[in-house]
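Peer 1: Below are the structure tokens for one structure; questions will follow.
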Amino acid sequence: MKVTVCIKRVPSTATRLRIAADGRSIDEAGVEQVLNPYDEFAVEEALRIVDRAGGEVTLVSFGPDAVTKELRNGLAMGAHQAIHLPADASFRDPLSIARALAAAIGPTQPELLLFGRQAVDGDHAQVGLMVATLLGMPAVPDVVKLELGPGSLKAWREVEGAIEAFELPLPCAVTAQKGLNEPRLPNMKGIMAAKKKTISTQAPAAAASTLVLESLELPPERSGGRIVGEGAAAVPALLKLLRDEARAL
Amino acid sequence: MSCILAIAEQADGKLRKIAGEVASEAVRLGASSGLDVVGAAIGPGAAAAAGQLGAFGVKSALAIEGDPVATYSGEAYAAALAAAIRAKSPALVLLGATSFARDQIGRLGALLDSSPAADCIAITAAAAPGAAATRALAVKVRRPVYAGKALQTLTFKSAPALVSLRPNVFPAARVAGGATKVESFAPPPPPARRGRLVERVAAGAGRIELTEAEIVVSGGRGLKNPETFARLIEPLAAALGAAVGASRAVVDAGWRPHGEQVGQTGKTVAPKLYFACGISGAIQHLAGMRTSRTIVAINKDKDAPIFKLADYGIVGDVEEVLPALTEAVKALHAHH
């Protein structure tokens with residue numbers, strides 16, 4: 001089974017952000033960068049599949065050179081090889097990134113393609129389905145459970161008010177939601193083995209963005225911060241404020 | 001003549017709440033830009049649902065119905081929606097930022113060669129005189145990135161502009177006596193290689209969906225254990241008609257299902273009223289709820305970061321405050 005996982009390097013979710021002087025990007029000084037949390041679920045699922053069914057896991061990332069750290073980390077978890085498509089940190093829209101990924105992945109003909117459901121920086125939640133569509137692969141987003149059958153895949157996702165199961169013919173693609181699995185941590189053996197694994201570099205296919213980033217700013221500060229009182233005695237005053245001032249009840 | 005296409009989500013012939021929000025925003029943008037608004041509904045019941053768009057001032061709508069979209073398939077639905085969009089050549093396509101749009105908008109972007117903007121919280125559209133016919137609209141959107149820690153403003157170089165709107169942000173506006181002319185649209189044959197929906201299990205009846213709820217009651221580690229969480233949070237949520245949310249800490253501890261997690265690696269919510277109970281306010285939680293209209297925090301630590309974001313706070317033990325609050329809410333409702 002040939003499984004490919006796309007990963008991205010993103011600011012840690014615990015990071016406080018500042019806007020850079022250009023007004024269009026974040027100030028990266030002092031910002032901890034990590035493997036996108038949803039991509040961890042995708043990598044873990046790929047490893048479990050080849051642990052059971054045999055095969056190879058290939059990691060692909062489009063992004064700055066520093067992503068080799070996250071690629072190496074994925075190799076230490078157990079992935080077999082990695083492809084890096086170098087790109088600077090300037091703004092690109094989801095479709096241009098998807099085109100670069102699809103151009104690199106298409107010729108390798110994976111049977112299963114995995115993504116995190118969204119990268120927690122741009123938060124578009126589109127690239128996985130775009131790559132699948134560009135490659136003519138059926139796909140299911142936000143998957144919380146997977147079962148691999150002969151030539152097909154069953155994938156469950158949570159939607160508003162229901163859980164849905166889909167059957168897809170292979171090759172196909174899914175995006176991973178929290179709950180799919182518990183990602184493993186690399187062990188020392190994995191870390192040593194990863195040093196001998198290959199990260200190949202390919203120039204990404206050029207694709208122009210059709211979205212224009214006009215500006216990036218911090219959200220307005222909330223002016224709140226009023227303590228109504230202490231303990232249960234404050235409940236009547238709170239309800240009065242919610243009803244008469246906030247008109248929320 | 002170009003138009004604005006509002007894709008109205010429906011189930012079995014009934015518009016979903018988000019459809020009213022999307023249709024109303026389309027009508028507002030139609031008025032500001034001078035473009036006609038066309039609605040669209042897809043799947044079994046589409047004609048009945050499309051007919052209900054008149055209530056929001058949409059005067060004509062497509063009903064995309066037929067064998068290719070008789071059961072849900074992401075690929076078949078995207079092919080049908082892309083065909084309808086090509087037929088109407090809108091300058092702007094609006095959807096609600098729900099599971100449906102998450103499954104469709106990226107595919108539509110790839111099929112129509114136009115990168116979408118998802119989960120927007122503000123949009124403007126103005127006529128752009130002199131531009132090519134399909135680009136006769138300057139669309140600008142604002143959307144949260146880094147899970148709401150920053151906001152980006154985007155414009156479009158391609159047409160149509162594909163935009164999904166965050167639920168609960170754009171008000172639905174009903175108009176009296178509005179009627180819709182429904183036109184049926186035959187979907188193209190579905191792609192041969194496609195996924196098929198084979199099972200659908202409804203979540204507990206009467207459960208309120210977190211992302212659509214007008215009120216959310218969330219609990220954190222301050223609830224101490226899963227039993228206390230259920231005993232204190234669930235009755236308050238029931239009394240308020242609210243959905244239950246949870247912090248990442250309690251989801252990771254296995255107290256609550258991950259579907260209830262609010263925050264950067266969970267759901268982003270924007271209710272009218274948000275209760276954060278026993279939640280200190282880790283930055284990754286704040287990211288998921290900061291666009292709520294009114295925020296109430298209940299925490300025994302008066303220095304908890306959540307109090308800086310909250311409109312109203314009570315310093316106190318959840319064991320004492322929450323039962324009192326639940327009883328007071330019940331009494332309030334009994335009076336009405």
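Peer 1: Hey, could you grab the Kirkwood Rh for the stretch A:1-96? Inverse mean 1/r over distinct alpha carbon pairs, Å, one decimal. Don't skip to the answer; put the middle values down first.
Peer 2: Details: mean 1/r = 0.0691 Å⁻¹.
Result for the stretch A:1-96, one decimal place: 14.5 Å.
Peer 1: Now, a different point. Using a 1.4 angstrom probe and counting only protein chains, how large is the accessible area of residue B:71 in Å², to 10?
Peer 2: 90 Å²
Peer 1: Stokes-Einstein diffusion coefficient for the stretch A:70-202 at 37 °C in a medium of 0.692 mPa s, Rh from the Kirkwood formula over Cα pairs: what value in µm²/s?
Peer 2: 202 µm²/s
Peer 1: Quantify how much of the Cα-Cα distance distribution of the protein assembly as shown extends past 47 Å, in percent. Show your work: numbers first, answer last.
Peer 2: Details: 19811 of 170820 pairs.
More than 47 Å apart: 12 percent of the Cα pairs in the protein assembly as shown.
Peer 1: Let me confirm one metric for peptide B:256-266, namely the mean number of other chain beta-carbon atoms within 10 Å of its residues' beta-carbons.
Peer 2: Shielding by partners across B:256-266 averages 3.
Peer 1: Based on alpha-carbon centroids, what's the gap between the stretch B:82-117 and the stretch B:220-238 in Å, whole number please?
Peer 2: When both Cα centres are located, 40 Å separates them.
Peer 1: List the residues of the stretch A:149-174 whose backbone N lies under 15 Å from a point placed 7 Å from the Cα of residue B:193 along the Cα-to-Cβ direction.
Peer 2: A:151-153, A:168-174
Peer 1: Treat each spin label as a single point 7 Å out from the Cα along the C-beta direction, and report the residue B:335 to residue A:22 distance in nm.
Peer 2: 5.7 nm
Peer 1: Could you tell me the distance between the Cα centroids of the stretch B:10-65 and the stretch B:265-323, to the nearest Å?
Peer 2: For the stretch B:10-65 versus the stretch B:265-323, the Cα centre distance is 35 Å.
Peer 1: Hey, what do the phi angles of the stretch B:184-196 turn into as Karplus ³J(HN,Hα) couplings, whole Hz, using 6.51/-1.76/1.60 and θ = phi - 60°, x for Gly and Pro?
Peer 2: After applying 6.51 cos²θ - 1.76 cosθ + 1.60, I find 8, 10, 7, x, x, x, x, x, 4, 9, 8, x, 10 Hz.
Peer 1: Same structure, new question: How are the Cα pair distances of the stretch B:182-336 distributed, in percent, across 5 Å bins from 0?
Peer 2: 2, 9, 17, 20, 18, 10, 6, 5, 4, 4, 3, 2, 0
Peer 1: Hey, what D do you get for chain A in µm²/s if you plug the Kirkwood alpha-carbon radius into Stokes-Einstein at 37 °C and 0.692 mPa s? Spell out each step's value before the answer.
Peer 2: On the way: Rh = 20.1 Å.
Answer from the Stokes-Einstein relation: 164 µm²/s.
Peer 1: As I understand it, the value is the acute angle between the Cα axis of helix B:99-112 and the longest principal axis of the Cα atoms of chain B; what does it come to in degrees, rounded to 10?
Peer 2: Rounded to the nearest ten degrees, it is 30.
Peer 1: Please return the longest range in chain A lying between exposed loop sites, taking GluC sites (Glu not before Pro), DSSP loop only, at most 13 other beta-carbon atoms within 10 Å, and leaving the sites out. The partial results should precede the final answer.
Peer 2: Working: sites that count: A:32, A:221.
Looking at chain A, A:33-220 is the longest stretch - no exposed GluC sites (Glu not before Pro) with at most 13 other Cβ atoms within 10 Å.
Peer 1: Between B:69, B:198, B:145, find the one with the highest GNM mean-square fluctuation for chain B; connect C-alpha pairs within less than 10 Å.
Peer 2: Fluctuation is largest for B:198.
Peer 1: Mind checking the angle between helix B:318-335 and chain B's longest principal axis? C-alpha axes, 0 to 90 degrees, to the nearest 10.
Peer 2: Computed tilt is about 60 degrees.
Peer 1: Using a 10 Å cut-off on Cβ to Cβ distances, tally the other chain neighbours for every residue of A:91-104 and report the average as a whole number.
Peer 2: 3
Peer 1: Need one number for the stretch A:147-216: average projected area of the convex hull over its C-alpha atoms, nm².
Peer 2: Mean orientational projected area (the stretch A:147-216, Cα hull): 10.3 nm².
Peer 1: Can you tell me what the convex hull of the Cα atoms of the stretch A:63-126 projects to on average, as an area in nm²?
Peer 2: 4.9 nm²
Peer 1: Also, quick follow-up: How much of the DSSP bridge set in chain B is antiparallel, in percent, rounded to the nearest 5?
Peer 2: So the antiparallel bridges amount to about 25 percent of the total.
Peer 1: I've got another one for you. How far apart, in nm, are two points set 7 Å out from the Cα along the Cα-to-Cβ line at residue A:214 and at residue A:184?
Peer 2: 4.9 nm
Peer 1: Return P(r) of chain B (all Cα-Cα pairs; 10 Å bins starting at 0; whole %; ordered from short to long distances).
Peer 2: 6, 24, 29, 23, 14, 4, 0
Peer 1: Another question about this same structure. As a check on your grasp of the helix formula, calculate [θ] at 222 nm for chain A: sum -39500 (n - 2.57) over DSSP H runs of n ≥ 4, divide by the residue count, round to the nearest 500.
Peer 2: Using -39500 (n - 2.57) per qualifying helix, the result is -7000 deg cm²/dmol.
Peer 1: Now a separate question. Through the Karplus equation 6.51 cos²θ - 1.76 cosθ + 1.60, θ set to phi - 60°, convert the phi angles of the stretch B:162-178 into ³J(HN,Hα) values in whole Hz; use x for Gly and Pro.
Peer 2: With coefficients 6.51, -1.76 and 1.60, one gets 9, 9, 10, 10, 5, x, 6, 9, 9, x, 7, 10, 7, 10, 6, x, x Hz.
Peer 1: For the protein assembly as shown, what is the percent of antiparallel DSSP beta bridges, rounded to the nearest 5?
Peer 2: Of the beta bridges lying entirely in the protein assembly as shown, close to 35 percent run antiparallel.
Peer 1: OK, next. Taking only Cα atoms and a 10 Å spring cutoff, compute GNM fluctuations for chain B and point out the largest among B:268, B:294, B:228.
Peer 2: Of B:268, B:294, B:228, the most mobile in the Gaussian network model is B:228.
Peer 1: What whole-number distance in Å separates the alpha-carbon centres of the stretch A:196-217 and the stretch A:8-49?
Peer 2: Answer, in whole Å: 15.
Peer 1: Short version: ³J(HN,Hα) in whole Hz for each residue of the stretch B:242-254, in order, from phi by Karplus 6.51 cos²θ - 1.76 cosθ + 1.60 (θ = phi - 60°), x for Gly and Pro, what are they?
Peer 2: Running phi through 6.51 cos²θ - 1.76 cosθ + 1.60 with θ = phi - 60° gives 10, 8, 8, x, 8, 7, 4, 4, 7, 6, 5, 7, x Hz.
Peer 1: How far is helix B:74-88 tilted, in degrees, relative to the longest principal axis of the Cα atoms in chain B, given as a value from 0 to 90 rounded to the nearest 10?
Peer 2: Once rounded, one gets 50 degrees.
Peer 1: Enumerate by residue number the trypsin sites (Lys or Arg not before Pro) in the stretch A:193-231 meeting two conditions: DSSP loop (anything except H, G, I, E, B), and at most 15 other Cβ atoms within 10 Å of the site's Cβ.
Peer 2: When the trypsin sites (Lys or Arg not before Pro) of the stretch A:193-231 are filtered for loop state and at most 15 Cβ neighbours within 10 Å, A:195, A:196, A:222 remain.
Peer 1: Separate question: Using a Gaussian network model of chain B whose springs link C-alpha atoms within less than 10 Å, name the residue from B:176, B:55, B:97 with the highest mean-square fluctuation.
Peer 2: Of B:176, B:55, B:97, the most mobile in the Gaussian network model is B:176.
Peer 1: Shifting gears a bit: Given Cα pairs under 8 Å that are at least 6 residues apart, what percent is the relative contact order of chain B?
Peer 2: Reported relative contact order: 15 percent.
Peer 1: Can you pull the mean other chain C-beta count within 10 Å for peptide B:69-77?
Peer 2: Details: counts 0, 0, 0, 3, 3, 9, 8, 1, 0.
Averaged over the peptide's residues, the number is 3.
Peer 1: Then there's this: Check residue B:3: other-chain or 5+ apart residues with amide H under 5 Å from its amide H, H built from backbone geometry?
Peer 2: B:91, B:92
Peer 1: Report the accessible surface area buried between chains A and B, summing both sides, using a 1.4 Å probe on protein heavy atoms only, in Å² rounded to the nearest 100.
Peer 2: 7400 Å²
Peer 1: Around residue A:210, which amide H atoms from residues at least 5 apart in sequence, or from another chain, sit under 5 Å from its own amide H, with H modelled in the peptide plane?
Peer 2: HN-HN under 5 Å from residue A:210: A:93, A:96, B:115.
The values are calculated or read from the model by the stated rules, or taken from the named source; none is laboratory data. Worth saying up front: this structure is predicted, and the values here are computed from it rather than measured. As a convention, Cβ positions derive from the backbone with ideal geometry for all residues, glycine included, and neighbour counts pool all protein chains shown. Remember, those area values only see protein heavy atoms, side chains included, never the ligands or the DNA or RNA. Shrake-Rupley method; radii C 1.70, N 1.55, O 1.52, S 1.80 Å.
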